1. Pull out the extension gain between residue 608 and residue 399, defined as 0.36 nm times the separation in residues minus the alpha carbon to alpha carbon distance; nm, one decimal.
2. Take the Cα atoms of the range 148-250, build their convex hull, and give its volume per residue in Å³.
3. Among 31, 123, rank each residue by its count of other Cβ atoms within 10 Å, from fewest to most, as a rough exposure measure.
4. Label point 7 Å out from residue 616 along Cα-to-Cβ: which residues of the range 389-425 have amide N under 18 Å?
5. Return, ordered by residue number, the residues of the range 453-488 whose backbone nitrogen is under 13 Å from a label point located 7 Å along Cα→Cβ of residue 528.
6. Arrange 583, 257 by Cβ neighbour counts within 10 Å, fewest through most, would you?
7. Between residue 343 and residue 260, what's the calculated FRET efficiency when r is the beta-carbon distance and R0 is 41 Å? Round to 0.05.
8. Peptides 302-309, 571-578: what's the order by average Cβ count within 10 Å, highest mean first?
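Coordinate-derived values only; no laboratory data. This one's a predicted model, so the numbers in the text were calculated from it and none came from an experiment. Don't worry about glycine lacking a Cβ; one is built from the backbone with ideal geometry, like all the others, and counts go over all protein chains shown.
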């Protein structure tokens, strides 16, 4: 999500920054900008920004050239504030310019305090808060840029990677990170051009043509750089620290993928970060604040009336429809509100019954899915209130809805959706807890336990990613199978559907998902020893019934791949292969159980040699009906 590059050295900074931003275009963005320090100007700092593509930024810099050998650049994926030049980075306050990846959770409080002290804001972004804080602290003295940045970030909550430049320090950049990647590239004797120059970037792809020697910053690190290299590097406690250098051997294309073979695999591994970013700014800081989930923009929804005489209808397509099915289970059980789920492509053609005051929830990764937008608008025409869950700020569906909740998956390059799905499930879980607290159906202690589980979810996903090698072995064993069945019960049923969809999308083999109890009502006729059956046999309600269903297919010769809970001492007796996932609350299992199925589909497709990122006949955003 977003991209950062900084440069200080003897060369003109503008073309280096623009080309570095081009190298980051694969990440997706909606605006771009650079800040350059030209000591011959008054004031020295010149900021050039624009909405849209980097080509527009380059054209503006060509029309209005800016000298300077130090500067920072940024591509922005909108989170706080709509995509526009005013909200683009760099953000300036006084003599300071800041570029920032991440989300500042306490920006509203900091903004109010700064405004009370006379600070005037010109954007809707959380990043401008950082610029004002640094400028205010620096002006209060002493004239120490790294100290001012360190004091400012001590007041921030959330995730960030920031680069800071200041009029009074024309050759220096301060870089700091917490829960968002940032690295420093070393020129001089280490660089490709033998020049005394230093780079900073959120992704090695931005600087790889200039240097292959980098220093990765750890969480809490703050660094001061100039053309000679790293002048100071402090850890989270403010103590000087050294970080090891590493040599990058990747090609530029591989660098964009951060060493992963395909974007899909990279995006699978980005899920801990994506889920964490979706939680940031929504999840209360402590378990005691279960009522403090931040869904303030839903004010005006009458949930009491909704429960008495209205309903929620969720409309979506493809992977988002599977998330919607899980959302039905979650909202009905946690909030006791009635929920229907419709394929958006069918909704408006069946003369749906929608009452004044119903809530229609539209889910779309891109926010441009034509069928979903049409279904949302039809429901609104009939009197429903429209709520959207999507990943792209200011997309068509986001604009059409009365309310919108943004996931923060970041750009998804691979056509087959992975991190968008898990962040949709994360948002739906939070929404169900929020509704449950509002209706009184969900006790405080239960809500707190679920929120605690969400906080730990990125760590649990990391644990699943750690068994990738074992999953690849399973994939190799079954790569020649022509038919696959996926089964699950309850909240695992939508996950089974999604697992089957992933496999068929990217490997072109036939795969179907079923509710476990439905196997004996027809699909069991397909079973023989050539058909692998993927069974979601997770601990919780329905576990023993799932084991019974598993026995039914095993007795007919099926080969069973089970996704089960760590510590399960029964599943190994009945399954041929077992993938264990950490124990989590049953209501949180869909998020976690999706990950091994994504890895399984990926490795089958990779072993078959298909075009994993761009499978045949499919498009990332389906903008036609």
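1. 71.1 nm
2. 99 Å³
3. 123, 31
4. Under cut-off, by backbone N: 415-416.
5. 482-483
6. 583, 257
7. According to the calculation, E is roughly 0.80.
8. So the peptides 302-309, 571-578, ranked by packing, come out 571-578, 302-309.
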